[in-house]
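What follows draws every value from the coordinates through simple rules; no lab data is involved. Owing to the predicted nature of the structure, the values given are computational and were not obtained by experimental measurement. Every residue, glycine as well, gets a Cβ built from its backbone with ideal geometry; the counts of neighbours run over all protein chains shown.
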Amino acid sequence: MSKQMSHLDNIPSTPGKFKMEKSHYVHHRLRWHSSLAKLTFWSFMFMGVILIFFFRSPSTNPLPQDPSRRSLRTYNWGGPAWEKRVRSSARIRSRNGVSVLVTGAAGFVGTHVSAALKRRGDGVLGLDNFNDYYDPSLKRARQAFLERSGVFIVEGDINDSALLRKLFEVVAFTHVMHLAAQAGVRYAMENPGSYVHSNIAGFVSLLEICKSANPQPAIVWASSSSVYGLNTKVPFSEKDRTDQPASLYAATKKAGEEIAHTYNHIYGLSLTGLRFFTVYGPWGRPDMAYFFFTRDILKGKSIPIFEAANHGTVARDFTYIDDIVKGCLGALDTAEKSTGSGGKKKGPAQLRVYNLGNTSPVPVSDLVSILERLLKVNAKRKLMKLPRNGDVPFTHANISLAQRELGYKPTTDLQTGLKKFVRWYLSYYSGGKKAAG
Ligand SMILES: NC(=O)c1ccc[n+]([C@@H]2O[C@H](COP(=O)([O-])OP(=O)(O)OC[C@H]3O[C@@H](n4cnc5c(N)ncnc54)[C@H](O)[C@@H]3O)[C@@H](O)[C@H]2O)c1
């Protein structure tokens, strides 16, 4: 009955067989159309839900918070006014001066090296991507400090070949002081991609431009004491093995040393790698122990003191920034010219690697005692086992090679250097940020 009714309901207002049949056909088409419309509608809805889910769900990418990716944002550079600033910053103002491109110039070591070069009349141009691995406002404050000394920092990434090419078009740099890198040992477990981006891809990108530049600059760059990794022979000498890195950071620095060898061998680039040993001082890096110990002691927070296996002491060959700067300048001053031109090697070129340390490792617990005395606050020490995240129990530099060939001679002990750091820290963080130079 209901079937009949429905059939009757389906009869069009104008009866007729053909018409009826036609109307039946039309009806089917209508039904088909409406099903298709429904299908399309629900398909869109389904896809919409999937898209919303995809964009709103946390990324499954293994490199979720890569600051270096943010650094790939496009920067504003170029134009006559910009070129004028670049030229003026890189202009040599002393008789035997050099013109140096300093990468990582808004960083801790980069700021000090740039200021020192400028002070002695060299031309200096900075390059930095101002990533937020640590508080970018500290990098901005360093930038302002350098600006006052006449150093312009171009904002950009070393992976930006067009920018690098432009810089070499505007200035015939005699030297590159390459300090831009993803630093820090522990962060590599959180964001491995940023190390590959800056320390490997970025280094190759820079060397590619340097090899094609005419004239080719001489390059001095920062490797690290971390390349000694699991080496147990002390003090660490440049002749010791460096094929057992304990962290990805160390592995990328070691890779840098091998990449340097390649560019020296194929293109005749003059390359000097400097293995820095735990650098500290004013304008330092907030991710380093001496820096955050100071902050946390002042805040009354407990600080972790790591112990090596079997209650062994964790010690570092702390090196004061002014000594490191002297080592960098010594390396620049003794660097021979690159021998290639037009991307072709014309003869053998210099390839060097040096330890820049202090030769007197200090237990981290002694560092804390010095800070307690300087800050006049007792630290809340929390003894912990050294985690297996890439840190090594001790570092100790043999610096005789740098002493002989660069005239490197560190003169600042930890007590003296920390006193200067604490003075800077208190002045910077108690509101006098601008005066902290
Ligand atoms: N400070 C130390 O104790 C120490 C020890 C061994 C080696 N090093 C090496 O010395 C160099 C300088 O270290 P630092 O302590 O001044 O570190 P830092 O992080 O303060 O300085 C590095 C600077 O490079 C910039 N940078 C990073 N990736 C970049 C990119 N892709 N393009 C452009 N700029 C980029 C950062 O913004 C930062 O300002 C680094 O190569 C570091 O690995 C430092």
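Per-residue extension of 0.36 nm, minus the Cα-Cα distance of Tyr429 and Asp413, leaves a gain of 3.3 nm for this segment. The value of relative contact order for segment 89-220, using C-alpha pairs under 8 Å at least six residues apart, is 27 percent. When each of the peptides 217-225, 413-421 is scored by the mean number of other C-beta atoms lying within 10 Å of its residues, the order from highest to lowest reads 217-225, 413-421.
What is the sum of charges around Ser365, taking Lys and Arg as +1, Asp and Glu as -1, for the other residues whose C-beta is under 11 Å from the C-beta of Ser365? Summing Lys and Arg as +1 and Asp and Glu as -1 gives -2.
What FRET efficiency comes out for Glu336 versus Arg404 if R0 is 25 angstrom and r is the Cβ-Cβ distance? Round to the nearest 0.05.
The formula returns an efficiency of 0.95 here.
For the residue pairs Lys139/Lys301; Lys382/Lys409; Lys385/Lys409; Lys233/Lys337, alpha carbon separations beyond 31 Å are given by Lys382/Lys409; Lys385/Lys409; Lys233/Lys337.
Here's the picture: a label point sits 7 Å out from the Cα of Ser149 along the beta-carbon direction, and within segment 404-422 the residues with their amide nitrogen under 20 Å of it are 408-412, 417-422.
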